[in-house]
Amino acid sequence: MKEFRQMEEKKRKAVYNPKADKLWNEKNKQYRQYLNKRSATKNFILKLATNEDIKLVNDWLNERINSEEK
């Protein structure tokens, strides 16, 4: 039990730092945009897409893969 208490005492609390967030966002604008679009794509495919949509996306993926292999 003593070990468990020591572990709890060592935990760091998350601190929100808006200045650091703003600085990171400004420095990583393209990467942030990439992450947002990737997340939106995943959510669309997993939650909203119909079977027809998935077939269409699959065709696009195959087209992209084949064009990179050449």
Which listed residue is surrounded by 11 or more Cβ atoms within 10 Å (Cβ to Cβ) and either part of a helix (DSSP H, G or I) or among the aliphatic types (A, V, I, L, M) (or both), from LEU23, LEU61: LEU23
Pair list, Cβ under 9 Å, 6 or more apart: the range 28-54 residue free of Cβ contacts under 8 Å to residues at least 40 places away in the same chain, other residue among the charged types (D, E, K, R): PHE44/ASP53; ILE45/ASP53
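Residues checked against (1) of a type in the set (A, V, I, L, M); (2) more than 23 Å from the chain's Cα centre (by Cα); (3) surrounded by 10 or more Cβ atoms within 10 Å (Cβ to Cβ); (4) at pLDDT below 95:
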site: GLN33; (1), (2), (3), (4): no, no, yes, no
site: LYS42; (1), (2), (3), (4): no, no, yes, no
site: LEU46; (1), (2), (3), (4): yes, no, no, no
site: LYS70; (1), (2), (3), (4): no, yes, no, yes
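The values are calculated or read from the model by the stated rules, or taken from the named source; none is laboratory data. These numbers were taken from a predicted model, which means no experiment stands behind them. Note: ideal-geometry Cβ built from the backbone for every residue, glycine included; neighbour counts use all protein chains shown.
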